Amino acid sequence: MIISGSLWRKAIATTAAVGAFVAAYDVTILDSKYATWAGAQRELTAAPSPGAHLGFQATAYCKGIMTSAGTPVQAGVAAADPAVLPVGSVIQIDSVARYGGIYTVLDTGPSVQGRLIDLYMWSCNEALAFGRQAIGLTVLRLGWNPIATTPGLLDRLFRGPERPGRSPLPSRPLPQVPGNN
């Protein structure tokens, strides 16, 4: 009743309430900003899953004879940080018009760290002209493991969701051969 009697008291009470709400909102914003920052750091260091669409920086290289996997360098070979994309991973680059396509990660390098991918090009002039570009890529297979691939249309239609830790093949006992004990 004391507040309703005076216009000044109403203005002071309203200003105090607005100040309290602004202070509470500012605290919430700070917490959210740091939570997002920590999540972004986790995302940069976490290994991607097959089918994930990720943002990377791309450069190009032209020198070399053999890759880390022991294959000769050729078009379609990429170098990546093995902690992010292990050797044997298959990726599809879709945001670079001329160089888009499917690449296999067969090489590593000391300067390829984090979300950086290095594409092999035959011409050194072309590699220098490529420079450093922001690209988007999709992980089709992670490493050499054939199970770590993106499920195809038939797999999605005819297989149910697989439970983690179980083999997709049923385990059967091996037949006993007479005389071999």
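The values are calculated or read from the model by the stated rules, or taken from the named source; none is laboratory data. Everything quoted here is computed from the prediction, not taken from an experiment. Glycine also receives a Cβ, built like all others from the backbone with ideal geometry; neighbour counts cover every protein chain displayed.
Summary of computed values
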{"quantity": "Cross-chain or 6+ apart pairs with Cβ under 9 Å, the range 93-118 first and not assigned by TED's automatic domain parsing to the domain that holds Gly136, then surrounded by 13 or more Cβ atoms within 10 Å (Cβ to Cβ)", "calculated": "none"}
{"quantity": "Subset of the range 48-100 that is touching a Pro at 6+ places or on another chain (Cβ under 8 Å) and farther than 14 Å from Leu137 by Cβ - its residue that is surrounded by the fewest Cβ atoms within 10 Å (Cβ to Cβ)", "calculated": "Ile65"}
{"quantity": "Tally, over the range 101-116, of residues that are under 16 Å from Ala69 (Cβ atoms), part of a loop (DSSP other than H, G, I, E, B) and modelled with pLDDT of 85 or more", "calculated": "2"}
{"quantity": "The one condition in (1) on the phi < 0 side of the Ramachandran plot; (2) not in a helix (DSSP H, G or I) that Gly88 fails to fulfil", "calculated": "(1)"}
{"quantity": "Residues of the range 117-129 satisfying the condition of being outside any loop (DSSP other than H, G, I, E, B) and surrounded by fewer than 19 Cβ atoms within 10 Å (Cβ to Cβ)", "calculated": "Cys124, Asn125, Glu126, Ala127, Leu128, Ala129"}
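Residues checked against (1) among the aromatic types (Phe, Trp, Tyr); (2) modelled with pLDDT under 85; (3) touching a strand residue (DSSP E or B) at 6+ places or on another chain (Cβ under 7 Å):
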| residue | (1), (2), (3) |
| --- | --- |
| Val84 | no, no, no |
| Ser95 | no, yes, yes |
| Tyr99 | yes, no, yes |
| Cys124 | no, no, no |
| Gly131 | no, no, no |
| Glu162 | no, yes, no |
| Val177 | no, yes, no |
